[in-house]
Amino acid sequence: MEAAIVSSATPSGLLAGQAVLGVEVIYRESTVVSAGSRNPMKLLTPCSRGRSVWAYTSSFGGGLLAGDVTRLDVRLGPSACCFVGTQACTKVYRNPDNRPCAHVTRAQVASEAMLVFVPDAVQPFAGSTYTQRQEFHLEPRASLALLDWHTSGRMARGERWAFNRYSSRNDVFLGGKRVFVDSMRLDASDGAHWAGHRVGRFHCFAMLLLSGERVREIASRLLKTVSARPIKARGAVLCGASPVGDGAVLRVAGEDMESVTRELRPLMASLGELLGDDPWSRRW
């Protein structure tokens, strides 16, 4: 079952599992003007006003149970700056009855605003089923940093690519026109996930998109850095970067989550400079 994109709602009219966040510039500072959530979704805003707003999503129970469908609606006004992350990896618990389990994000980013949407990785447990659909609607001169990544599961417990199905799709629109699509689907009914022609020896995959004026310099440095690297046969981590409009997209495959994190960390530090502080300094 594919998740449906939902329309924005006010905090007083939330659906079960929905969270909303609205940010505007008030007296020259980004400020939370609306926020709310309903079980099993949680939304925390430890930094609700300043150079940038910080918000974290979570869920009751520490992950998604069979049948859970969560939704996040984000709206940034002109020139607003916002970071959205998660408290920890998004755990998708086992789902023996194959009930729908999904997450939907819809974000609207106004002109000259910047959204840094960098959740922790999705961790699908053995026997789980998960669908994720995310849409980002940017006005001209808006900026977006989007990280989407997932692991093979609880590798320490031998659950390597043991889930039933994982599906994730990201669509980015600029001025109403779709300018970027990234989609991945791994379904056990198509064969073993770990087959050489599918994920092979890798345990973690990540995609980072940088788009817009405020992240253009970071994207330019990324392209130069990756293109200058020598290619190592059987390396523990593989990276590829390519230009996308006025930005860039980075794709990383690693034999473990730690190696992928090391690749992402310098970019996160650069984004932290734009936010006014580094949200990952105490975590990664």
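The values are calculated or read from the model by the stated rules, or taken from the named source; none is laboratory data. Worth saying up front: this structure is predicted, and the values here are computed from it rather than measured. All Cβ positions, even for glycine, are placed from backbone atoms using ideal geometry, and neighbour counts span all protein chains on display.
Just a few scattered comments:
- Odd one out for ALA121, checked against (1) closer than 21 Å to THR105 by Cβ; (2) touching an Asp or Glu at 6+ places or on another chain (Cβ under 7 Å); (3) aliphatic (A, V, I, L, M): (2)
- ALA188 vs. criteria small (Gly, Ala, Ser) and closer than 21 Å to ARG154 by Cβ: yes
- In region 145-181, residue farthest from LYS91 (Cα to Cα) [restricted to those that are in contact with a strand residue (DSSP E or B) (Cβ under 6 Å, 6 or more places away or on another chain) and acidic (Asp, Glu)]: ASP171
- Residues (in contact with a Gly (Cβ under 7 Å, 6 or more places away or on another chain) and hydroxyl-bearing (Ser, Thr, Tyr)) located in region 70-111: THR70, THR90, TYR93
- Verdict on ARG185 being touching a Leu at 6+ places or on another chain (Cβ under 9 Å), within 19 Å of THR131 (Cα to Cα) and without any contact (Cβ under 8 Å) to a residue 24 or more places away in the chain: no
- With respect to (1) among the hydroxyl-bearing types (Ser, Thr, Tyr); (2) closer than 30 Å to LEU186 by Cα; (3) modelled with pLDDT under 95; (4) surrounded by fewer than 20 Cβ atoms within 10 Å (Cβ to Cβ), the lone exception for TYR56 is condition (3).
- Residue within region 43-50 that is part of a loop (DSSP other than H, G, I, E, B), farther than 25 Å from ASP171 by Cβ and at pLDDT 95 or above present: yes
- ALA126 being modelled with pLDDT under 95 and in contact with an Asp or Glu (Cβ under 6 Å, 6 or more places away or on another chain): yes
- Region 107-122 residues that are under 15 Å from ARG214 (Cβ atoms) and of a type outside the set (Phe, Trp, Tyr), paired with ones that are part of a loop (DSSP other than H, G, I, E, B) and at pLDDT below 95 (beta carbon under 9 Å, 6 or more apart): VAL116/PRO279; VAL118/PRO279; VAL118/TRP280
For (1) modelled with pLDDT of 90 or more; (2) acidic (Asp, Glu), each residue gets a yes or a no:
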{"position": "ALA206", "(1), (2)": "yes, no"}
{"position": "GLU213", "(1), (2)": "yes, yes"}
{"position": "ARG216", "(1), (2)": "yes, no"}
{"position": "ALA219", "(1), (2)": "yes, no"}
{"position": "SER227", "(1), (2)": "yes, no"}
{"position": "VAL252", "(1), (2)": "yes, no"}
{"position": "ASP256", "(1), (2)": "yes, yes"}
{"position": "LEU275", "(1), (2)": "yes, no"}
{"position": "TRP280", "(1), (2)": "no, no"}
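- Pairs where the first residue, in region 156-169, is at positive phi and buried (at least 17 other Cβ atoms within 10 Å of the Cβ) and the second is assigned to a strand (DSSP E or B) and modelled with pLDDT of 90 or more, C-beta under 9 Å, 6+ apart: TRP161/PRO124; TRP161/LEU186
- Residue within region 229-241 that is part of a helix (DSSP H, G or I), over 20 Å from the mean Cα position of the chain (by Cα) and basic (Lys, Arg) present: no
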